[in-house]
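A short worksheet on the structure shown next.
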Amino acid sequence: MGDGGTGRPVRHPVQVDREPEEQAVETVRQLLALATPEGAAALSRAATLLAGGMDAVSALTRLRAEVGTDLAGPAWGVARQREKARSTFGPDADRLLFTGDTLEQAGRPALADRRAARLLAEGAEPVADLGCAAGTDTIALARAGARVVAVDRDPVARELTRLNTTALGLTGVEVVDADVVDLVAAATDGKVAGCRAAVLDPARRAGGRRQLDPDRWSPPWSTVTALLDRVPAAVVKVAPGLDHDRVPDGIEAEWVSTGGSIVEALLWGRGVSTTWRRATLLRDGRLSEVTADAEPGPAPVGPVRGWLHEPDPALIRSGLMSLVAADATLVDPTIAYLTSDGPSGSPWLSSYRVADVLPFNLKKLKAHLRARGIGRVVVKKRGSPIEPETLARRLRGPGSGSAVVVVTRVAGAPTVLVCDPLSA
Ligand SMILES: C[S@@+](CC[C@H](N)C(=O)[O-])C[C@H]1O[C@@H](n2cnc3c(N)ncnc32)[C@H](O)[C@@H]1O
């Protein structure tokens, strides 16, 4: 909510400098005001002005006159968060309340639904949502039929979860003020906060910056491992870059990707693990999975052949590349590009026909592309310091042809593979 989302130092009258606790009290007061019929009307008016393209300063002036100074800023702020949330939350976005922070921390509802379904498949209930923020996981769990204990030490998060579950007509949700570190330390008999199952999604950002060190997450890594040790029906969201060595024995690690990016990484507790490592690909409503019960070992290394394959990032991160293309070899032991004699039909690999293989030399590469009438290139890289967009600009020429230029290392040597794209 803050400054009404103008991005400029325009302050709503109530937004004076405050201590974090005072600010939280004020934000909770504003959220409760938005949950009244007058608040709903203010939100609806703000949404209309926003949809009409009105700029923030004019919209706030108009809103203050129409709905009063108390509701104008918060309504405009939430309308802006809802607009951002719509692409991920769909129609729910217009019923939910978010602050900027909680929307930034929110996972994708479709992924929360998937996690909830898997966690609940064994029938462990109720479920503790340990760090509920605006309630994305709580909502998914409640919609899947579970009773939920939603925990957060942040009063704004607790109020959001309360209001959001109510707005969606969900029942069976208890919102609790507690420190997750303490709850997990006290967990016994496979239960935490009286629940037989748990979702933990530690905050991995602080002061607007990503915390790469899991010991600095909130709650920290020690709480993650304690939960996995004490509560068998647990799932923890972790950073996709988590070091494999950190994954405790008996815990399944899963990387999920969609649209060519990893969207989440999960650790599944011993009661719900069904394998050792899993890569999951969600594409066009279809789900593909690769699993391994033990380290499958790397793919063998070999010379560049007629086709180059770019593996999906979840497959790479899970370490399961060698399982998807039995006849493919790596171009270099340290580089995640595979090569084989033909295209791959695997959803895990994007395949490119290799037209030429050249040692990396910018002048020679330019001359080569010109000679082949190639004027537009898409540059991909792995194991090279080049900046793809910059190189693509420098390689632009008069030719009408196009190519995919892959800058990488082949058997240790900086190399360029000029490829024809197989398909978009
Ligand atoms: C990443 S967010 C959770 C996001 C949520 N799963 C979603 O998808 O909307 C982490 C939440 O954990 C809460 N949190 C962090 N450390 C905590 C602790 N020690 N005790 C209780 N809550 C904590 C934060 O206040 C924050 O709301």
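Would you say residue 224 is surrounded by 15 or more Cβ atoms within 10 Å (Cβ to Cβ), in a strand (DSSP E or B) and at pLDDT 95 or above? Steps first, answer last, please.
Values: surrounded by 15 or more Cβ atoms within 10 Å (Cβ to Cβ): yes; in a strand (DSSP E or B): no; at pLDDT 95 or above: yes.
So residue 224 does not fit the description; no.
Residue 398 versus (1) loosely packed, with under 14 Cβ neighbours inside 10 Å; (2) part of a strand (DSSP E or B): which is the lone unmet condition?
(2)
Where residues in the stretch 41-60 are over 30 Å from the mean Cα position of the chain (by Cα) and surrounded by 14 or more Cβ atoms within 10 Å (Cβ to Cβ), which of them is nearest to residue 83 (Cα to Cα)?
Applying the filter and picking the extreme gives 49.
Answer yes if at least one residue in the stretch 144-161 is closer than 21 Å to residue 263 by Cβ and either more than 9 Å from the ligand (Cβ to nearest atom) or modelled with pLDDT under 95 (or both), and no otherwise. Walk me through how you get there before you give the answer.
Of all residues in the stretch 144-161, those closer than 21 Å to residue 263 by Cβ come to 144.
Within this subset, residues satisfying the condition of being either more than 9 Å from the ligand (Cβ to nearest atom) or modelled with pLDDT under 95 (or both) are 144.
The answer is yes; a qualifying residue exists.
Considering only residues of the stretch 17-34 that are assigned to a loop (DSSP other than H, G, I, E, B) and out of contact with any Asp or Glu (no Cβ under 9 Å at 6 or more places or on another chain), which is modelled with the highest pLDDT? It would help to see each step written out before you state the result.
Kept after step one, since they are assigned to a loop (DSSP other than H, G, I, E, B), are these residues of the stretch 17-34: 17-19.
The next check asks that each one be out of contact with any Asp or Glu (no Cβ under 9 Å at 6 or more places or on another chain); those that pass are 17, 19.
Details: 17: 63, 19: 81.
Here the answer is 19.
Assuming residue 382 fulfils every condition listed in (1) touching a residue at least 60 places away in the same chain (Cβ under 8 Å); (2) within 20 Å of residue 262 (Cβ to Cβ) apart from one, which condition is it?
Going through the list (1) touching a residue at least 60 places away in the same chain (Cβ under 8 Å); (2) within 20 Å of residue 262 (Cβ to Cβ), residue 382 breaks only (1).
I'd like the full set of residues that are among the hydroxyl-bearing types (Ser, Thr, Tyr) and within 14 Å of residue 99 (Cα to Cα), limited to the stretch 15-62.
We begin by selecting, within the stretch 15-62, every residue among the hydroxyl-bearing types (Ser, Thr, Tyr); these are 27, 36, 44, 48, 58, 61.
Once the filter is applied, which keeps residues that are among the hydroxyl-bearing types (Ser, Thr, Tyr) and within 14 Å of residue 99 (Cα to Cα), the stretch 15-62 yields only 27.
Regarding residue 214, is this residue in contact with a Phe, Trp or Tyr (Cβ under 6 Å, 6 or more places away or on another chain) and within 16 Å of the ligand (Cβ to nearest atom)?
Details: in contact with a Phe, Trp or Tyr (Cβ under 6 Å, 6 or more places away or on another chain): yes; within 16 Å of the ligand (Cβ to nearest atom): yes.
Spelling it out, residue 214 is indeed in contact with a Phe, Trp or Tyr (Cβ under 6 Å, 6 or more places away or on another chain) and within 16 Å of the ligand (Cβ to nearest atom).
For the stretch 235-266, how many residues are without any contact (Cβ under 8 Å) to a residue 40 or more places away in the chain, in a strand (DSSP E or B) and of a type in the set (A, V, I, L, M, F, W, C)?
The total comes to 2.
The rows are residues; the columns are (1) among the acidic types (Asp, Glu); (2) outside any helix (DSSP H, G or I); (3) at pLDDT 95 or above; (4) within 26 Å of residue 110 (Cβ to Cβ).
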residue	(1), (2), (3), (4)
281	no, yes, yes, yes
289	yes, yes, yes, yes
305	no, yes, yes, no
309	no, yes, yes, no
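What is the one condition in (1) more than 13 Å from residue 128 (Cα to Cα); (2) crowded, with 22+ Cβ neighbours inside 10 Å that residue 211 does not satisfy?
Going through (1) more than 13 Å from residue 128 (Cα to Cα); (2) crowded, with 22+ Cβ neighbours inside 10 Å one by one, residue 211 breaks only (2).
Of the numbered conditions (1) of a type outside the set (D, E, K, R); (2) within 26 Å of the chain's Cα centre (by Cα); (3) modelled with pLDDT under 95, residue 344 satisfies every one except a single condition; which is it?
Going through (1) of a type outside the set (D, E, K, R); (2) within 26 Å of the chain's Cα centre (by Cα); (3) modelled with pLDDT under 95 one by one, residue 344 breaks only (2).
Does the stretch 246-260 include one or more residues that are polar (S, T, N, Q) and more than 21 Å from the chain's Cα centre (by Cα)?
Checking the stretch 246-260: not a single residue is polar (S, T, N, Q) and more than 21 Å from the chain's Cα centre (by Cα).
What are the pairs with Cβ atoms under 6 angstrom where one residue, in the stretch 200-221, is in contact (Cβ under 8 Å) with a residue 12 or more places away in the chain and the other, located anywhere, is aromatic (Phe, Trp, Tyr)? Sequence gap at least six, or different chains.
Close Cβ pairs satisfying both conditions: 202/217; 204/217; 214/221.
Only one residue in 327, 312 is crowded, with 21+ Cβ neighbours inside 10 Å and either out of contact with any strand residue (DSSP E or B) (no Cβ under 8 Å at 6 or more places or on another chain) or without any contact (Cβ under 8 Å) to a residue 60 or more places away in the chain (or both). Which one? Don't jump to the end; show me each part of the working.
Working: 327 fails: crowded, with 21+ Cβ neighbours inside 10 Å.
None of the other options fit; the residue is 312.
Give the residue, chosen from 136, 102, that is of a type in the set (S, T, N, Q), within 12 Å of the ligand (Cβ to nearest atom) and in contact with a Gly (Cβ under 6 Å, 6 or more places away or on another chain).
On inspection, the qualifying residue turns out to be 136.
Is it true that residue 193 is free of Cβ contacts under 8 Å to residues at least 40 places away in the same chain, in the same structural domain as residue 130 (by TED's automatic domain parsing), within 13 Å of the ligand (Cβ to nearest atom) and among the hydrophobic types (A, V, I, L, M, F, W, C)?
It is false that residue 193 is free of Cβ contacts under 8 Å to residues at least 40 places away in the same chain, in the same structural domain as residue 130 (by TED's automatic domain parsing), within 13 Å of the ligand (Cβ to nearest atom) and among the hydrophobic types (A, V, I, L, M, F, W, C).
The values are calculated or read from the model by the stated rules, or taken from the named source; none is laboratory data. Computed from a prediction, not measured in an experiment: that's the story for all the values here. As a convention, Cβ positions derive from the backbone with ideal geometry for all residues, glycine included, and neighbour counts pool all protein chains shown.
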